[in-house]
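Heads up, the thing below is written out as structure tokens.
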Amino acid sequence: MLNLNPRPIPMGPAELERVVRRQTEQDYDPDPPRCGTCLYFTLGSWGQRAIEAKKGRGIEHLQRCTFGNFHTTVRGVCDEWRTRAGERLEGSSHGAGVADG
């Protein structure tokens, strides 16, 4: 029988240390910058979401980037990502990689 709600496997200190070391080696980021955590991401207004819920539909089609004015998903990624405080990623700049001529 398939367990749809698995519990975390208990780890001893040695296994936990091994997991942390692997995550560090791989530069693991549990919360990378993505559309769902961006300042410009919106799920539509409360009223829009309420109407869709009443109709029994999802709200995926309401997910938008207000900076570029296009549909997106919470897992999307772009170079214009900003924190809720408006800060950009360190080292990211619009037009990066374009050769100066």
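The values are calculated or read from the model by the stated rules, or taken from the named source; none is laboratory data. These figures come from a predicted structure and were not determined experimentally. So basically every Cβ, Gly included, is an ideal-geometry build from the backbone, and we count neighbours across all protein chains shown. All accessible areas refer to the heavy atoms of the entire protein, side chains included, with ligands and DNA or RNA removed. Shrake-Rupley method; radii C 1.70, N 1.55, O 1.52, S 1.80 Å.
Quick look at the values:
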quantity	calculated
The stretch 31-45 residues that are free of Cβ contacts under 8 Å to residues at least 60 places away in the same chain, paired with ones that are of a type in the set (S, T, N, Q) and open to solvent by less than 30 Å² (accessible area, probe 1.4 Å) (beta carbon under 8 Å, 6 or more apart)	Cys35/Gln63; Cys35/Thr72; Phe41/Gln63; Phe41/Thr72; Thr42/Gln63; Leu43/Gln63; Gly44/Gln63
Those residues of the stretch 1-48 which are open to solvent by 60 Å² or more (accessible area, probe 1.4 Å), assigned to a loop (DSSP other than H, G, I, E, B) and at pLDDT 90 or above, in sequence order	Gln26, Asp27, Arg34, Leu39
The lone exception for Gly56 - which of (1) at pLDDT below 80; (2) open to solvent by 50 Å² or more (accessible area, probe 1.4 Å) it fails	(1)
Selection count where residues are modelled with pLDDT of 85 or more, part of a loop (DSSP other than H, G, I, E, B) and open to solvent by 90 Å² or more (accessible area, probe 1.4 Å), scope the stretch 70-100	4
